[in-house]
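Accompanying notes for the structure given below.
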Amino acid sequence: MIVIAHLSDTHLDGTPRAAERTRKVAEFVDRLPYELDAVLVTGDIADHGRAEEYEEARKLLDLRHPTFLCPGNHDDRAEFRRVLLGEPPTTGPVNQVHRTAGAVYALCDSTIPGEDGGLLAGETLDWLEGVLDEADAPVFVAFHHQPIPLRHAVADTMGLAEPDRLAALVSRHPRVAAVLCGHCHMAVASTFAGRPLRAAPGVVSALVLPWEEGADAMATCVDYDAPVSLAFHVLDDDGVLTTHYRALA
């Protein structure tokens, strides 16, 4: 059995509020009486892509479990690389593969610098295909932007563009256990290319649902008072994925 904690959208910006919400979820995960296989953080680690925001993230997300992070549209590739990964500050896609005892984690960069929407560039999809071809364990494919319509007036204006090649790639590789994303600040459970698709709720805030008042405009669709939340994904020995969403009081 594989158990993964899935966080997203901490939007650390130097303010006490963002830091406290991130600290709350980090401390909750670290206090668990269980050794998680991994903690995935699917983007928008920083709010402005500044070095000091990543320094704060590096300290707050220094967890006792294996922890893997990918960028979101608010992140800066060069500073993300330099501060969080200890790599030269280059500006190409930040694609990473990590392995634990029972799984492979393919973290793809779906960002388009300077834009809110996302796209998996050709070089990223080629890289992912190589990872999937070589995988000898279940693979969790993770990136920031949701690849399906959410029927939400705001979220659907900034999802993942051109998801068809990704869908074809996922459908050809039976080892893909799930597709994981963030960005939408909502707990979402659906399917993509015949595999489970899960979006983690936002740590910093929640998006008001389409049938709630204020959901149709950016200025009113964000709930900053919602509880800090995260997801837990459990993959059993038969390859069945179960997801639990947890709100912290």
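Which far-off residues, 5 or more places away or on another chain, put their amide H under 5 Å from the one on VAL104, with H placed in the peptide plane?
For VAL104, the qualifying residues are VAL139, PHE140.
In the chain, if the dipole is taken from +1 on Lys/Arg beta carbons and -1 on Asp/Glu beta carbons about the Cα centre, which of LEU84, LEU120, HIS244 is farthest to the positive end?
In the chain, that residue is HIS244.
Please work out whether segment 1-148 counts as rounded, prolate or oblate from its C-alpha gyration tensor, where a ≥ b ≥ c are the square roots of the eigenvalues and a/c under 1.5 means rounded, while otherwise a/b larger than b/c means prolate and anything else oblate?
oblate
Residue separation times 0.36 nm, minus the C-alpha to C-alpha distance between THR15 and GLU27: what's the value?
Here the segment from THR15 to GLU27 would lengthen by 2.5 nm.
Once you charge only the Cβ atoms, +1 for Lys and Arg and -1 for Asp and Glu, what is the size of the charge dipole of segment 91-230 about its Cα centre, to the nearest 20 debye?
With Lys and Arg at +1 and Asp and Glu at -1, about 500 debye.
In deg cm²/dmol and to the nearest 500, what is the mean residue ellipticity at 222 nm of the chain if only DSSP H runs of at least 4 residues count, each as -39500 (n - 2.57), divided by the residue total?
-6000 deg cm²/dmol
Can you give me the C-alpha center-to-center distance between segment 204-247 and segment 75-90, rounded to a whole angstrom?
That distance is 28 Å.
What list of ³J(HN,Hα) couplings, whole Hz, do you get for segment 228-243 from phi and the Karplus terms 6.51, -1.76, 1.60, once you set θ to phi - 60° and write x for glycine and proline?
4, 9, 8, 10, 10, 9, 10, 9, 8, 5, 9, x, 8, 9, 10, 10
Where in segment 1-58 are there GluC sites (Glu not before Pro) that are in a DSSP coil and have at most 14 other Cβ atoms within 10 angstrom of their Cβ?
Passing both the DSSP loop test and the Cβ count: GLU35.
Over segment 2-248, what is the relative contact order in whole percent, taking alpha-carbon pairs under 8 Å and six or more residues apart?
Answer for segment 2-248 is 19 percent.
Would you work out which of PRO147, VAL94, ALA106 lies farthest towards the positive end of the dipole of segment 45-157? Charges go on Cβ: Lys and Arg +1, Asp and Glu -1.
ALA106
Go through segment 2-9 residue by residue and turn each phi into a ³J(HN,Hα) via Karplus (6.51, -1.76, 1.60, θ = phi - 60°); whole Hz please, and just put x for glycine and proline.
In residue order, the calculated couplings are 10, 10, 10, 8, 10, 10, 7, 6 Hz.
How big is the dipole moment of the chain about its Cα centre under a simple scheme where the beta carbon of each Lys and Arg is +1, that of each Asp and Glu is -1, and everything else is neutral? Debye, nearest 20, please.
Roughly 460 debye, rounded to the nearest 20.
Using the crude model of +1 on Lys and Arg Cβ and -1 on Asp and Glu Cβ, and no other charge, please compute the dipole size for segment 1-90 relative to its Cα centre, in debye to 20.
160
What is the distance, in nm, between label points placed 7 Å from the Cα along the Cα-to-Cβ direction at ASP216 and at ALA189?
That separation, rounded to one decimal, is 3.0 nm.
So what J values fall out for segment 183-191 if you push phi through Karplus, 6.51 cos²θ - 1.76 cosθ + 1.60 with θ = phi - 60°, rounded to Hz, Gly and Pro as x?
Once θ is set to phi - 60°, the couplings for segment 183-191 become 6, 7, 6, 9, 7, 10, 10, 8, 10 Hz.
Tell me which residues come under 5 Å, amide H to amide H, from LEU119 once H is placed; ignore anything under 5 positions away on its chain.
Distant-sequence amide H within range of LEU119: THR111, ILE112, ALA161.
Any read-out appearing in this document is the output of simple, stated calculations on the displayed coordinates, not a laboratory observation. Fair warning: this is a prediction, and the values are worked out from it, not measured in the lab. Positions of Cβ are backbone-derived with ideal geometry, glycine not excepted, and every protein chain shown enters the neighbour counts.
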